[in-house]
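Data block below; observations after.
The values are calculated or read from the model by the stated rules, or taken from the named source; none is laboratory data. This structure is a prediction, so every number in the text was calculated from the model and none was measured. Quick reminder, even Gly has a Cβ in these numbers, built from the backbone with ideal geometry, and neighbours come from all protein chains shown. These area figures cover heavy atoms from the full protein model, side chains too; ligands, DNA and RNA do not enter into them. Shrake-Rupley method; radii C 1.70, N 1.55, O 1.52, S 1.80 Å.
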Amino acid sequence: MENKTGKPALLAGRYFKYAIGEIALVMIGILLALQVSNWNELNKDQRLEKRYLSELILDLQTDSLSISNFVTQSDLQKDYKEKLIDIFNNENNYSEDSLNIYFNYQWQMSYSFNPITTTLDEMKSTGNIGLIKNSDLRRSVLETYNNYEVHINQHERIYNRQQEELWKLLFSTVPHLYAGVYETKEKVDMVTVITNFEIQNRINGNYVIAFNEAIHQLQEWNSNLIKGIREESKKLK
């Protein structure tokens, strides 16, 4: 009787151990599969992050070229405005050619900054902005592009509005203004132009100096973000 009852109990114990072992193997298999899946997903996210950072740099470098051109022109415009003001105040001698250059830079210049937002737009639309793991860098990206918008909607708008007012004044008071620019037979009497009080006042308030500072700030934001992205990209290699 003892042998008859002992064998089933022994077999049941063995089956139980086998079952536990099989369950353990299944659980280990599931955990390994989850780990592999997580690892693959992490690698996928890292590859995507690298691509986004690389493409952001390309976008920002394109912006940098535009901004650098703006800086060059704005620096000249600012410098020539200061020279014109000296002439207004009879503090500087000048030639007719110089006077034309100084004056033309005040009314002929206009700016239209159109930043490249292709990569940022994709990251936002797909919800992938969080793939930039460095929170400080992610914040810098968003702040820089926000500063771009502020520059366009505030500084650039104010500057261009001031330019429009100057254009209206010039074309209503200065005959043959374009003729003076394109060297046709009609010449502009620049001495008469710069002694016009309204024109002097409009040039004094044409937002050139403040806009020049804003463009340099724009260049600094762009440069700092490119530097930050490059540093982060090196860590991901």
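Scanning region 186-231 for residues that are assigned to a helix (DSSP H, G or I) and among the aromatic types (Phe, Trp, Tyr), which turns out surrounded by the fewest Cβ atoms within 10 Å (Cβ to Cβ)? Show your work before the answer.
Looking only at region 186-231, we keep the residues that are assigned to a helix (DSSP H, G or I), and these are 190-194, 197-204, 208-231.
Applying the additional criterion that residues be among the aromatic types (Phe, Trp, Tyr) yields 197, 211, 221.
Details: Phe197: 8, Phe211: 24, Trp221: 20.
Checked region 186-231; the qualifying residue surrounded by the fewest Cβ atoms within 10 Å (Cβ to Cβ) is Phe197.
A single member of Ile67, Ile57, Ile87 is assigned to a helix (DSSP H, G or I), open to solvent by less than 40 Å² (accessible area, probe 1.4 Å) and farther than 28 Å from Ala210 by Cβ, and it is Ile57.
Table: residues versus (1) of a type in the set (D, E, K, R); (2) surrounded by 14 or more Cβ atoms within 10 Å (Cβ to Cβ); (3) part of a loop (DSSP other than H, G, I, E, B); (4) at pLDDT 95 or above.
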{"position": "Lys78", "(1), (2), (3), (4)": "yes, yes, no, yes"}
{"position": "Ser98", "(1), (2), (3), (4)": "no, yes, no, no"}
{"position": "Tyr105", "(1), (2), (3), (4)": "no, yes, no, no"}
{"position": "Ser110", "(1), (2), (3), (4)": "no, no, yes, no"}
{"position": "Phe113", "(1), (2), (3), (4)": "no, yes, yes, yes"}
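Could we say that Asn146 is modelled with pLDDT under 95 and either of a type outside the set (Gly, Ala, Ser) or not in a helix (DSSP H, G or I) (or both) here? It is false that Asn146 is modelled with pLDDT under 95 and either of a type outside the set (Gly, Ala, Ser) or not in a helix (DSSP H, G or I) (or both). Take the residues in region 123-135 that are part of a loop (DSSP other than H, G, I, E, B) and under 17 Å from Lys50 (Cβ atoms); name whichever of them is most open to solvent (accessible area, probe 1.4 Å). By that ranking, first place goes to Lys133.
Which count do you get for residues in region 136-175 that are open to solvent by 20 Å² or more (accessible area, probe 1.4 Å), within 18 Å of the chain's Cα centre (by Cα) and not acidic (Asp, Glu)? Step through it out loud before you land on a result.
Just the residues of region 136-175 that are open to solvent by 20 Å² or more (accessible area, probe 1.4 Å), to begin with: 136, 138-140, 142-143, 146-147, 149-150, 152-155, 157-158, 160-162, 164-165, 167-169, 171-173, 175.
With within 18 Å of the chain's Cα centre (by Cα) added as a condition, the list becomes 136, 138-140, 142-143, 146-147, 149-150, 152-155, 157.
Now restrict to residues that are not acidic (Asp, Glu): 138-140, 142, 146-147, 150, 152-155, 157.
Counting residues in region 136-175 that are open to solvent by 20 Å² or more (accessible area, probe 1.4 Å), within 18 Å of the chain's Cα centre (by Cα) and not acidic (Asp, Glu) gives 12.
Cβ-Cβ distances below 7 Å connect the following pairs, each with a first residue in region 144-162 that is closer than 14 Å to Tyr207 by Cβ and of a type in the set (D, E, K, R), a second residue that is at pLDDT 95 or above and open to solvent by less than 50 Å² (accessible area, probe 1.4 Å), and a separation of six or more residues or different chains: Glu156/Phe113.
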